[in-house]
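**Q** Before anything else, here's the structure in question.
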Amino acid sequence: MATIMVKDLVKHYDNVVAVNGLNFSVESGSITALLGGNGAGKTTTIAMLLGLVLPTSGDVHIFGTDMIRNRYDVLHRMNFQSPYINIPMRLTVRQNLQTFANLYGVRDINTRIEELSREFRLSEFIERPAGQLSAGQKTRASLAKALINAPELLLLDEPTASLDPDTADWVRTKLEDYRRAHGATILLASHNMAEVERLADRVLMMNRGEVVEDGTPAALMNRYARSNLEDVFLDIVRGRRQGATPEAVA
Amino acid sequence: MFSQIAIDEKGARASRRRVSTMVRRYAILVLGSAPRMLELAYWPLVQMLMWGFLQTHLAGSTSLFANAAGLLIGSVLLWDVLVRGQLGFSLSFLEELWSRNLGNILMSPLRPAEYVGSLMVISLIRLLIGVLPAIFLAYIFFGFNLFSLGLPIAAFFANLVFFAWAIGLTANGLVVRYGLGAESVVWLAIFSILPFSCVYYPLSTLPAWLQPISAALPSTHVFEGLRALMLDETFEPILMVKAFALNVIYFSGAYLIFRHFLKVARIKGTLMQLGE
């Protein structure tokens, strides 16, 4: 069963085409990566899934609900994390989690915060204002916020951007654990190839607002005769044909 | 597989919970910081003292002020209700932009109307923190008790707060649409109506062509009402009815403007980028 259904999705910003006729669905319980360079349309696509950006045309259905018209019916079942959106700086981590727990209608807030505090090792800074946290601590806190309602659908925009390799690896492990424990659907936008290779069951490769490739990481590497996704990515953005060597194109 | 940690709760109870959550979130910021509380009360106090001493001076030389002790102080206190009401409404909203949190708020189950409701409540809290000390000290320093004006003061207060929310909501809409580049609107919007609200002088003082514009502001009717009460000792309900009717129009218009700008921001894709 598909958690996300996107049909003929188009987004124009004045004369700029950000997303150009996207069609895809995301199966429940899967981790799907939107992979692409800067300006490929990944963040705009996620913003449209969340209802923060209105499409120029096309449909987005999440859990079978039309997100353009009825998004409040399902927002409590999803959540989002991005290093580009902060949690309030002057509130402590606990106050932040309490705020979002209440907004999302979490039943037993204290128990949920304790669970997340254990899971994400928040106890050392949970009473500290979010503005005083290090980058790694901030990521842990905002991931805890994103999981406060145990979302069935978790949307992530470059979840490990600007993190050191150790913290980034830790975040990826937590995401894998969360998917395994809850059977959640995860859609992440990234241009970190190693991250996508490790996490994703499926990759939607985007270029200039379109999905130009769709498959498992292994299938894509096989299709382009490459040993890693980074080379596949370079082939696609530089317009090389499937299976062609860079030398042949040059 | 899912343990239903979040509930699919609809209706008034869920709405109340979300509104009170946002109010608590803003109240923590204000009540948890002594400098912020001081900042809220500081300017109304300075204003009240300045106008209070001027009133004392004028009372010795002008029969108008001798006959209506406290008129200037009453005017400045009510003007501060309008200013603090609007700033309390808009600054809480700006907090979300300054902390780059607006995206988190707008993708949560919190509805726009609930969000506006929470801004109204926190604006009242901030207003009381700002103005109550000035009201109290006006009595201590100048023997002027605003509450001695009786029930009409509640009508003045309600109308001014209502108008403050309408201005605040419009200013917030502009910030949603144009980003923090429009932040100065939040700080300056209220002062643009000061000359036309007839805070310290009667409506008849204005040139004839300006009077209809002034009469279209709810605040003008409140200050006219205050003067009638203090100078003639008569309460004129018709002025309050006019102010209230205008407020209904302005607030409805402001809400539509806010919703329109929110929609435009969703079309333009600026909500994710709003912030410092």
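**Q** Out of all the residues in region B:166-216, which are of a type in the set (Gly, Ala, Ser), more than 21 Å from the chain's Cα centre (by Cα) and surrounded by 14 or more Cβ atoms within 10 Å (Cβ to Cβ)?
**A** Answer for region B:166-216, where residues must be of a type in the set (Gly, Ala, Ser), more than 21 Å from the chain's Cα centre (by Cα) and surrounded by 14 or more Cβ atoms within 10 Å (Cβ to Cβ): just B:Gly179.
**Q** While we're looking at this one, here's another question. So the check is Cβ under 7 Å with 6+ separation or different chains; which pairs have a first residue in region B:99-111 that's more than 7 Å from chain A (Cβ to nearest Cβ) and surrounded by fewer than 22 Cβ atoms within 10 Å (Cβ to Cβ) and a second one that's part of a helix (DSSP H, G or I) and of a type outside the set (Phe, Trp, Tyr)?
**A** Taking only residues 6 or more apart or on different chains, the pairs are B:Ile105/B:Glu96.
**Q** Now for a separate question. Name every residue in region A:56-76 that is in contact with an Asp or Glu (Cβ under 9 Å, 6 or more places away or on another chain), over 22 Å from A:Lys145 (Cβ atoms), open to solvent by 20 Å² or more (accessible area, probe 1.4 Å) and in contact (Cβ under 8 Å) with a residue 12 or more places away in the chain, in order of residue number.
**A** A:Ser57, A:Gly58, A:Asp59, A:Ile68
**Q** On to the next question. Have a look at B:Ala254, B:Ala215 and point out the one that is touching a residue at least 12 places away in the same chain (Cβ under 8 Å), among the aliphatic types (A, V, I, L, M) and either within 30 Å of B:Arg111 (Cβ to Cβ) or in contact with a Pro (Cβ under 7 Å, 6 or more places away or on another chain) (or both).
**A** Step by step, each of B:Ala254, B:Ala215 is checked, and only B:Ala254 is touching a residue at least 12 places away in the same chain (Cβ under 8 Å), among the aliphatic types (A, V, I, L, M) and either within 30 Å of B:Arg111 (Cβ to Cβ) or in contact with a Pro (Cβ under 7 Å, 6 or more places away or on another chain) (or both).
**Q** Also: Of the numbered conditions (1) at pLDDT below 90; (2) part of a helix (DSSP H, G or I); (3) at the interface with chain A (Cβ under 10 Å from one of its Cβ atoms), B:Thr56 fails exactly one; give the number of that condition.
**A** Among (1) at pLDDT below 90; (2) part of a helix (DSSP H, G or I); (3) at the interface with chain A (Cβ under 10 Å from one of its Cβ atoms), B:Thr56 violates only (3).
**Q** Then there is this: Please return the ranges of helices (runs of 4 or more DSSP H) entirely within region A:77-185 where 3 or more residues are modelled with pLDDT under 90.
**A** By residue number, A:135-146, A:165-182.
**Q** Could you please tell me which pairs satisfy a Cβ distance under 8 Å, a separation of 6+ or placement on different chains, a first residue in region B:34-46 that is of a type in the set (D, E, K, R), and a second residue that is open to solvent by less than 50 Å² (accessible area, probe 1.4 Å)?
**A** B:Arg36/B:Leu29; B:Arg36/B:Val30
**Q** Checking A:Lys174 against (1) within 14 Å of another protein chain (Cβ to nearest Cβ); (2) closer than 22 Å to A:Val203 by Cβ; (3) touching a helix residue (DSSP H, G or I) at 6+ places or on another chain (Cβ under 7 Å), which test does it fail?
**A** (1)
**Q** Among the residues of region B:230-243, are any within 14 Å of chain A (Cβ to nearest Cβ), of a type in the set (Phe, Trp, Tyr) and either assigned to a loop (DSSP other than H, G, I, E, B) or crowded, with 16+ Cβ neighbours inside 10 Å (or both)?
**A** no
**Q** Counting only residues that are basic (Lys, Arg), give me the helices (runs of 4 or more DSSP H) lying completely in region B:107-194 with at least 1 of them.
**A** B:112-142, B:152-178
**Q** Can you report the number of residues in region A:139-149 which are touching a helix residue (DSSP H, G or I) at 6+ places or on another chain (Cβ under 7 Å) and open to solvent by 10 Å² or more (accessible area, probe 1.4 Å)?
**A** 1
**Q** Okay, moving on. Which numbered condition trips up A:Thr167, out of (1) over 26 Å from A:His12 (Cα atoms); (2) in contact (Cβ under 8 Å) with a residue 24 or more places away in the chain; (3) touching a strand residue (DSSP E or B) at 6+ places or on another chain (Cβ under 8 Å)?
**A** The one condition A:Thr167 does not meet is (3).
**Q** Given the conditions (1) closer than 30 Å to A:Leu9 by Cβ; (2) open to solvent by less than 10 Å² (accessible area, probe 1.4 Å); (3) outside any loop (DSSP other than H, G, I, E, B), report the number of the one that B:Leu271 does not fulfil.
**A** Condition (3) is where B:Leu271 drops out.
**Q** Next question, about the same structure. In this structure, does A:Leu116 turn out to be under 27 Å from A:His61 (Cα atoms) and open to solvent by less than 10 Å² (accessible area, probe 1.4 Å)?
**A** no
**Q** Considering only residues of region A:77-105 that are more than 30 Å from A:His191 (Cα to Cα) and open to solvent by 10 Å² or more (accessible area, probe 1.4 Å), which is farthest from the other protein chains (Cβ to nearest Cβ)?
**A** Ranking the candidates gives A:Arg94 first.
**Q** Moving on to the next point. Of the conditions (1) without any contact (Cβ under 8 Å) to a residue 12 or more places away in the chain; (2) within 13 Å of chain B (Cβ to nearest Cβ); (3) surrounded by fewer than 19 Cβ atoms within 10 Å (Cβ to Cβ), A:Glu127 satisfies every one except a single condition; which number is it?
**A** Result: A:Glu127 passes all but (1).
**Q** To continue, here is another question. Just give me the residues in region A:195-227 being open to solvent by 50 Å² or more (accessible area, probe 1.4 Å), within 24 Å of A:Ala168 (Cβ to Cβ) and either free of Cβ contacts under 8 Å to residues at least 40 places away in the same chain or touching a Pro at 6+ places or on another chain (Cβ under 6 Å) (or both), in sequence order.
**A** A:Glu197, A:Arg198, A:Thr216, A:Ala218, A:Arg226, A:Ser227
**Q** Has region A:192-209 got any residue that is out of contact with any His (no Cβ under 9 Å at 6 or more places or on another chain) and within 14 Å of chain B (Cβ to nearest Cβ)?
**A** Taking every residue of region A:192-209 in turn, at least one turns out to be out of contact with any His (no Cβ under 9 Å at 6 or more places or on another chain) and within 14 Å of chain B (Cβ to nearest Cβ).
**Q** Identify the single condition in (1) open to solvent by less than 60 Å² (accessible area, probe 1.4 Å); (2) assigned to a helix (DSSP H, G or I); (3) under 21 Å from B:Arg84 (Cβ atoms) that B:Gly253 does not satisfy, given that it satisfies every other one.
**A** All conditions are met except number (3).
**Q** Return the residues of region A:1-44 that are assigned to a strand (DSSP E or B), open to solvent by 10 Å² or more (accessible area, probe 1.4 Å), away from chain B (no Cβ under 13 Å) and of a type in the set (Ser, Thr, Tyr); say none if nothing qualifies.
**A** Correct list: A:Ser25 only.
**Q** Further question: Looking at (1) buried (at least 19 other Cβ atoms within 10 Å of the Cβ); (2) under 19 Å from the mean Cα position of the chain (by Cα), which one does B:Ile125 not meet, given that it meets all the others?
**A** Among (1) buried (at least 19 other Cβ atoms within 10 Å of the Cβ); (2) under 19 Å from the mean Cα position of the chain (by Cα), the lone unmet condition for B:Ile125 is (1).
**Q** Assess whether A:Ala219 counts as being in contact with a Ser or Thr (Cβ under 6 Å, 6 or more places away or on another chain), over 20 Å from B:Ile5 (Cα atoms) and in a helix (DSSP H, G or I).
**A** In short, no.
The values are calculated or read from the model by the stated rules, or taken from the named source; none is laboratory data. Note that the structure is predicted; figures quoted are calculated from it, not measured. Positions of Cβ are generated from backbone atoms using ideal geometry, with glycine treated the same way; all protein chains shown enter the neighbour counts. Protein only, heavy atoms only, side chains kept; ligands, DNA and RNA dropped before computing areas. Shrake-Rupley method; radii C 1.70, N 1.55, O 1.52, S 1.80 Å.
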